[in-house]
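J.: Structure provided below as structure tokens; questions to follow.
The values are calculated or read from the model by the stated rules, or taken from the named source; none is laboratory data. Every value quoted in this text rests on a predicted model; they were computed, and no experiment measured them. Positions of Cβ are backbone-derived with ideal geometry, glycine not excepted, and every protein chain shown enters the neighbour counts.
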Amino acid sequence: MYNNVVSGVFNKFTQNGISCLRFNFRGVGNSSGNHTAGTGELIDTKTCIDFLLDEKNCAKIIICGYSYGAAIGCSAVNYSKKIIAYCAISFPWDFMGLKYKELSQSIKPKLFIQGNRDNLALYENFEKHYNYYLEPKNCKIIKGADHFYVGFEEEVAQEAYKFCKSITK
């Protein structure tokens with residue numbers, strides 16, 4: 001699996017001693033199955049969480065997702081008490097609809113990273129969506145970045161890493 005944003009965050013975390021699990025949803029890359037418009041992908045996410053809890057005995061999980069992965073991944077935030085926070089990078093609220101916005105509502109810490117030139121996860125609607133969420137929450141606007149963050153991977157990864165460290169200290 002390769003994506004510049006996901007790989008940048010994954011590499012930043014693992015290079016700093018933070019264990020990570022990254023995966024493709026069903027029907028993406030070498031993953032089997034077919035895309036199910038969210039239902040099966042949310043099951044995929046919960047299956048990965050179960051693996052971390054049951055097989056790896058993780059005491060704390062922070063979900064970090066990008067674009068579609070932010071909408072689906074962050075929607076599992078309340079699945080377990082051991083999920084302590086999430087980081088959503090370019091959450092595509094306008095594309096995904098109200099269901100995933102509601103599922104991702106939580107009293108757990110949240111970081112939203114958004115490019116100010118994002119025309120898929122529309123930056124012009126970011127504040128309206130961000131204001132919907134309960135505290136604690138924070139946001140980081142990446143100036144000059146569009147949805148794909150080319151040239152901004154390190155900045156995105158650093159923001160996600162700082163958030164993770166602030167939650168787990």
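J.: Is it the case that region 78-91 has a residue that's buried (at least 20 other Cβ atoms within 10 Å of the Cβ) and part of a loop (DSSP other than H, G, I, E, B)?
T.: Narrowing region 78-91 to residues buried (at least 20 other Cβ atoms within 10 Å of the Cβ): 83, 85-91.
Subset that is part of a loop (DSSP other than H, G, I, E, B): 90-91.
Yes; the residues of region 78-91 include at least one that is buried (at least 20 other Cβ atoms within 10 Å of the Cβ) and part of a loop (DSSP other than H, G, I, E, B).
J.: Ok, one more. I need the full set of residues from region 62-87 which are among the charged types (D, E, K, R) and under 10 Å from ILE49 (Cβ atoms), in order please.
T.: Taking region 62-87 first, the residues among the charged types (D, E, K, R) are 81-82.
Of everything in region 62-87, just one residue is among the charged types (D, E, K, R) and under 10 Å from ILE49 (Cβ atoms), namely LYS82.
So that you can scan it fast, the table gives a plain yes or no per residue for (1) out of contact with any Cys (no Cβ under 9 Å at 6 or more places or on another chain); (2) within 18 Å of CYS20 (Cα to Cα):
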position: ILE62; (1), (2): no, yes
position: VAL77; (1), (2): yes, yes
position: LYS81; (1), (2): yes, no
position: ALA85; (1), (2): no, yes
position: ASP94; (1), (2): yes, no
position: GLN105; (1), (2): yes, no
position: ARG117; (1), (2): yes, no
position: ALA121; (1), (2): yes, no
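J.: For the condition more than 16 Å from the chain's Cα centre (by Cα), modelled with pLDDT of 95 or more and more than 26 Å from CYS20 (Cα to Cα), what is the one hit in GLY144, GLY151? Give the steps one after another, and end with the answer.
T.: Working: GLY151 fails: more than 26 Å from CYS20 (Cα to Cα).
Testing whether each residue is more than 16 Å from the chain's Cα centre (by Cα), modelled with pLDDT of 95 or more and more than 26 Å from CYS20 (Cα to Cα) leaves just GLY144.
J.: Out of all the residues in region 53-89, which are small (Gly, Ala, Ser) and either without any contact (Cβ under 8 Å) to a residue 60 or more places away in the chain or under 18 Å from GLU135 (Cβ atoms) (or both)?
T.: Scanning region 53-89 gives ALA59, GLY65, ALA70, ALA71, GLY73, SER75, ALA76, SER80, ALA85, ALA88.
J.: Related question: Test GLY65 against the stated conditions and say whether it is under 17 Å from PHE10 (Cα atoms) and in a helix (DSSP H, G or I).
T.: The answer is no for GLY65.
J.: So GLY115 fits all but one of (1) surrounded by fewer than 20 Cβ atoms within 10 Å (Cβ to Cβ); (2) over 22 Å from VAL77 (Cβ atoms); what number is the exception?
T.: (1)
J.: Does region 54-61 include one or more residues that are of a type in the set (Asp, Glu), part of a loop (DSSP other than H, G, I, E, B) and over 16 Å from CYS139 (Cβ atoms)?
T.: yes
J.: Looking at region 5-24, which of its residues are in a helix (DSSP H, G or I) and surrounded by fewer than 16 Cβ atoms within 10 Å (Cβ to Cβ)?
T.: Listed by number, the residues that qualify are SER7, ASN11, THR14, GLN15.
This table checks each residue for (1) in contact (Cβ under 8 Å) with a residue 24 or more places away in the chain; (2) assigned to a strand (DSSP E or B).
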{"position": "TYR100", "(1), (2)": "yes, no"}
{"position": "LEU111", "(1), (2)": "yes, yes"}
{"position": "GLN114", "(1), (2)": "yes, yes"}
{"position": "ARG117", "(1), (2)": "yes, no"}
{"position": "LYS128", "(1), (2)": "no, no"}
{"position": "ASN138", "(1), (2)": "yes, yes"}
{"position": "GLY144", "(1), (2)": "yes, no"}
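J.: Now for a different question. From the list LEU120, LEU98, pick out the single residue that is surrounded by fewer than 18 Cβ atoms within 10 Å (Cβ to Cβ), in contact with a Phe, Trp or Tyr (Cβ under 8 Å, 6 or more places away or on another chain) and either modelled with pLDDT under 95 or of a type in the set (A, V, I, L, M) (or both).
T.: Result: LEU120 is the single residue among LEU120, LEU98 that is surrounded by fewer than 18 Cβ atoms within 10 Å (Cβ to Cβ), in contact with a Phe, Trp or Tyr (Cβ under 8 Å, 6 or more places away or on another chain) and either modelled with pLDDT under 95 or of a type in the set (A, V, I, L, M) (or both).
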